[in-house]
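What follows is a single structure, written as structure tokens, with notes after it.
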Amino acid sequence: MLSKACKYAIRAILFLAINSNKDKKIGIKKIAEELQTPQPFLAKLLQQLSTHKLVSSTKGPGGGFYLSEKDLQIKLWDIVVNIDGTDKFDQCFLGLSLCSDKYPCPVHHIVKPFKNEILVDFRQKTIEQLKGEIETEGTLLSLKLLEK
């Protein structure tokens with residue numbers, strides 16, 4: 001449902017949420033290495049997110065990306081909208097050009113509650129909440145730790 005770019009962006013922001021702050025900035029090389037993502041692609045994504053005030057960054061020596069207290073309050077949905085837009089959540093699961101409650105595809109009523117639940121969670125869940133869940137539940141952002 002989410003593009004690879006959106007998945008990378010979410011993972012990068014969550015990595016920053018756990019590992020950075022205004023006094024501890026992280027360079028793109030380190031983020032890409034830790035998340036095992038292509039550095040040039042991730043650099044463009046983080047620059048886009050920075051331009052739209054979803055992550056913070058500073059240039060020069062000691063610069064890099066980080067999440068401010070304000071950045072931690074963004075919603076997962078803000079990232080999705082910025083990278084992918086909302087079209088994927090409005091499209092038919094089977095790819096029909098017209099699919100609605102009035103003109104449903106064969107799986108419309110099966111998929112609709114699932115899509116609605118995801119939308120609610122994405123619109124309500126903050127990065128700070130996800131950070132807390134990662135820290136308490138031990139969920140993974142990268143398989144790199146499992147390789148050791």
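Every read-out reported here was derived from the displayed coordinates using simple, explicitly stated rules and does not represent laboratory data. Keep in mind that what you see is a predicted model, and the values were worked out from it rather than measured. Methodologically, a virtual Cβ is constructed for each residue, glycine included, from the backbone with ideal geometry; neighbour enumeration extends over all protein chains shown.
What list of ³J(HN,Hα) couplings, whole Hz, do you get for the stretch 68-75 from phi and the Karplus terms 6.51, -1.76, 1.60, once you set θ to phi - 60° and write x for glycine and proline?
Calculated HN-Hα couplings, in order: 7, 4, 5, 4, 5, 8, 5, 8 Hz.
Per DSSP H run of n ≥ 4, the term is -39500 (n - 2.57); total these for the chain, divide by its residue number, and report the mean residue ellipticity at 222 nm rounded to 500 deg cm²/dmol.
-16000 deg cm²/dmol
Taking N as the number of residues in the chain, what is its alpha-carbon radius of gyration divided by 2.2 N^0.38 Å?
The chain yields a ratio of 1.17.
How tilted is helix 4-19 with respect to the longest principal axis of the chain? Cα atoms for both, answer in degrees (0 to 90, nearest 10).
For 4-19 against the chain, the angle is about 40 degrees.
Please compute the length gained on full extension between Phe114 and Glu69, using 0.36 nm multiplied by the number of residues separating them and subtracting their Cα-Cα distance.
Difference between extended and current length: 13.1 nm.
Take the Cα of Ser100, step 7 Å along the line toward its Cβ, and report every residue of the stretch 110-129 whose backbone nitrogen sits under 20 Å from that point.
Answer for the stretch 110-129: 110-116.
Which of the listed residues, His109, Leu130, Cys99, is farthest toward the dipole's positive end in the chain, when Lys, Arg count +1 and Asp, Glu count -1 at the beta-carbon?
About the Cα centre, the residue reaching furthest to the positive side is Leu130.
Between 0 and 90 degrees, rounded to the nearest ten: what's the tilt of helix 108-124 against the longest Cα principal axis of the chain?
With rounding to tens, the tilt is 30 degrees.
Can you tell me the convex hull volume per residue for the stretch 66-140, based on C-alpha atoms, in Å³ to the nearest whole number?
So the per-residue hull volume is 123 Å³.
Suppose every K and R has +1 on its Cβ and every D and E has -1 on its Cβ; what is the size of the dipole of the stretch 1-103 about the Cα centre, in Debye to the nearest 20?
Roughly 340 debye for the stretch 1-103.
Got a sec? How would Arg11, Arg123 order by Cβ neighbour count within 10 Å, fewest to most?
Neighbour counts put them in this order, fewest first: Arg123, Arg11.
Would you work out the relative contact order for the chain, in percent, from Cα pairs under 8 angstrom that are 6 or more residues apart?
29
Tell me, Ile31, Ile110, Ile83, Ile13 in order of fewest to most beta-carbon neighbours within 10 Å?
The most exposed by this proxy come first: Ile110, Ile83, Ile31, Ile13.
Using alpha carbon centroids, what distance separates the stretch 23-96 and the stretch 100-132, in Å?
One Cα centre to the other: 22 Å.
For the stretch 1-83, what class follows from the C-alpha gyration tensor (a ≥ b ≥ c being the square roots of its eigenvalues): rounded when a/c is under 1.5, otherwise prolate if a/b is larger than b/c, else oblate?
Verdict is oblate for the stretch 1-83.
Per residue, how much space in cubic angstrom lies within the convex hull of the C-alpha atoms of the stretch 13-61?
So the per-residue Cα hull volume is 77 Å³.
Test of understanding: what is the full-extension gain from Ala5 to Asp121, defined as 0.36 nm times their sequence separation minus their Cα-Cα distance?
Extra length from Ala5 to Asp121 when fully extended: 39.8 nm.
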